[in-house]
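The values are calculated or read from the model by the stated rules, or taken from the named source; none is laboratory data. Every value quoted in this text rests on a predicted model; they were computed, and no experiment measured them. Ideal geometry is used to build each Cβ from the backbone, glycine not excepted, and the neighbour counts take in all protein chains shown. SASA here: full protein model, heavy atoms, side chains in, ligands and nucleic acids out. Shrake-Rupley method; radii C 1.70, N 1.55, O 1.52, S 1.80 Å.
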Amino acid sequence: GLAVMGQNLALNIAEEGIPISVFNRSANKVDDTVLRAEREGQLPLYGYKDVKDFVASIERPRAIIILVKAGAPVDDTIAALSQYLEEGDLIIDGGNEWYKNTERRGVELAAKGIEYMGMGVSGGEEGARNGPSMMPGGPIEAYERVKPILEKVAAQVDDGPCVTYIGPGGAGNYVKMIHNGIEYGDMQLISEAYDILRNVGGLSNEEMKKVFDDWNEGELQSFLIEISARIFSVKDELSGQGELVDYIVDKTGSKGTGKWTIQQAAELGIAAPTMAAALDNRYLSSLKDERIAASELLVGPEKSVFPAVDKPKLIDDVRKALYASKICSYAQGMNLIQKASDENGWNLDLGSIARIWKGGCIIRAVFLDRIKQAYDRNPKLASLLVDPAFAKELTERQAAWRSIVTLAVERGIAVPAFSASLAYFDTYRRARLPANLIQA
């Protein structure tokens, strides 16, 4: 598959001096990739337009990475390849696939003597080309075969490459799915922080850029905060006035992984309210026409009745609320991974998973090193919320967190992810809940 991700990952592999054959059903994509390989340094990449020739070109035992749309296209691709594969060959699905599909395919191919792995690849176009975070799952012996290649092409951080063996079966796909659920939560929390700063604090895009740049120097340092800062300075070239962010339509789509994460939370009985709020908000944002009509009928609080805010204090309180909410969101994601590991017998290492997310992927952040340290201190940690270091930070930030949620509610600004995170914290920290009345 030679769409954006496949093409860039192939070029990344070739740039490491590893000869690679590429194939795509559309011949023009093959030509494009070969031209890019020549242009980007005469890389050892060879294009094929016939699947039989493609398979024949690969050194035995073969290792083939497929990056095509999840579902039926993966099955079709496997069927096309299988006609020419031999015992001992390996197929690696690098797409966002439902983990049970990966496990089914693994069993089917094992019967033919062919090994199969599901490998999450995160980092988007840039990551695939320059070093992604990769989450491979499947037979450990299959991973060991391709480990030297994967370690070369992965993002590199201070403590090694951002790839590790995740676990058997569909564990790699599962972890990537939860990564994407966490990503939904992160993006929603950042957008709520932006909403409050703009509509309560009255910050301009220029001021917003400075705030996010400042945040990226501290505890919130991350890829998403960094690119948010950059976004605020991009001018709108079409109108020639203002910044592009103000002209972008406020409708967000969602791919399968976000929905699957919440379905899994319900299936496994794990509370994931921050990620669920993020998904719900995407669904609501897509109702643009309905929201425009509703805005004429449904009136919120009168803005003129509220006093002016202390802007520096607001910025600092939003930072603290964002960080505290982020801890809750990651706690929910790690709990989901742990429960799935227990249910499936995967024996996943949560500290190692957090480590490979430190570079290359969309949620990469300095914060992930803290998560790794928490699981290094206690591999059986029930929740990140009860790690002593995180518990101390949540306690120190809760006054600001409560203040921001209260302020937003009072002024009619929806903060579903901030609110869900705070409610999660308040529920988890209480020794006794009103669930006794539900039971009664």
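Could you list the chymotrypsin sites (Phe, Trp or Tyr not before Pro) in region 76-140 that lie in coil according to DSSP, counting only those with at most 16 other Cβ atoms within 10 Å of their Cβ?
Values: sites: Tyr84, Trp98, Tyr99, Tyr116; in loops: Tyr84, Trp98.
Listed in order of number, the matching sites are Tyr84.
Here the contact order of region 181-439, divided by its residue count and restricted to Cα pairs under 8 Å and six or more residues apart, works out to 27 percent. Between helix 367-377 and the chain there is an angle of about 80 degrees, using the helix long axis and the longest principal axis of the Cα atoms. The modelled label-to-label distance for the pair Arg432/Asn28, using points 7 Å beyond Cα in the direction of Cβ, is 7.0 nm.
For the pair region 307-335 / region 5-56, the C-alpha centres are spaced 45 Å from each other.
Carbon-plus-sulfur accessible fraction, region 10-72 (probe radius 1.4 Å, protein heavy atoms only): 48%. Backbone geometry of region 20-29 corresponds, through the Karplus equation with coefficients 6.51, -1.76 and 1.60 at θ = phi - 60°, to 3J(HN,Hα) couplings of 9, 9, 10, 9, 8, 4, 8, 4, 4, 5 Hz, x marking Gly and Pro.
List residues of region 391-419, by number, whose backbone nitrogen lies under 17 Å from a label position 7 Å along Cα→C-beta of Ser295. Only 412-415 fall inside the zone, counting backbone N under 17 Å.
Cβ under 9 Å from Ala399's Cβ, Ala399 left aside: what net charge do those residues give with Lys, Arg +1 and Asp, Glu -1?
Residues close to Ala399 contribute a combined charge of +1.
Once the Cα atoms are used to define both axes, helix 288-297 deviates from the longest principal axis of the chain by about 10 degrees.
Multiplying the sequence separation of Glu40 and Lys339 by 0.36 nm and subtracting their Cα-Cα distance, what value in nm do you get?
Values: separation 299, 0.36 × 299 = 107.64 nm, distance 4.43 nm.
Fully extending the segment from Glu40 to Lys339 adds 103.2 nm.
Among the listed pairs Lys235/Lys372; Lys259/Lys358; Lys152/Lys339; Lys49/Lys259, those with a Cα-Cα distance over 29 Å are Lys235/Lys372; Lys152/Lys339; Lys49/Lys259.
Starting with the highest mean, order 243-249, 213-219, 434-440 by the number of other Cβ atoms within 10 Å, averaged over the residues of each peptide. Kindly include the intermediate steps, with their values, before the conclusion.
Numbers: 243-249: 12.7, 213-219: 15.6, 434-440: 7.1.
Result, highest mean Cβ count within 10 Å first: 213-219, 243-249, 434-440.
Rounded to a whole number, what % of the accessible area of region 267-414 do carbon and sulfur atoms account for, probe 1.4 Å? Roughly 55 percent, rounded to a whole number.
Rounded to the nearest 500, the helix-only mean residue ellipticity at 222 nm of the chain stands at -18500 deg cm²/dmol, with each DSSP H run of n ≥ 4 adding -39,500 (n - 2.57). Note on Lys255: aspartates and glutamates with a C-alpha under 18 Å away, same-chain residues under 8 apart excluded, are Asp93, Glu97, Glu125, Glu183, Asp186, Asp280.
With both residues required to sit in the chain, DSSP beta bridges show an antiparallel share near 40%.
Among the GluC sites (Glu not before Pro) within region 275-358, which fall in a DSSP loop and have no more than 10 other Cβ atoms within 10 Å of their own Cβ? It would help to have the intermediate numbers written out before the result.
Working: sites: Glu290, Glu296, Glu302, Glu343; in loops: Glu302.
Passing both the DSSP loop test and the Cβ count: Glu302.
Report the local net charge at Glu144: Lys and Arg +1, Asp and Glu -1, summed over other residues whose C-beta lies under 12 Å from its C-beta. Computed value for this residue: -1. Cα extents for the chain along the principal axes, largest to smallest and rounded to whole angstrom: 74, 60, 43.
Across the chain, the relative contact order, built from alpha-carbon pairs under 8 Å that are at least six residues apart, equals 14 percent. Angle of helix 171-199 to the longest C-alpha principal axis of the chain, folded into 0 to 90 degrees and rounded to 10: 30°.
In the context of the full set of protein chains, residues of the chain present 47 Å² of accessible surface per residue (probe radius 1.4 Å, heavy atoms only). Pairs over the 24 Å Cα-Cα cut-off, from the set Lys209/Lys251; Lys52/Lys176; Lys100/Lys380: Lys52/Lys176; Lys100/Lys380.
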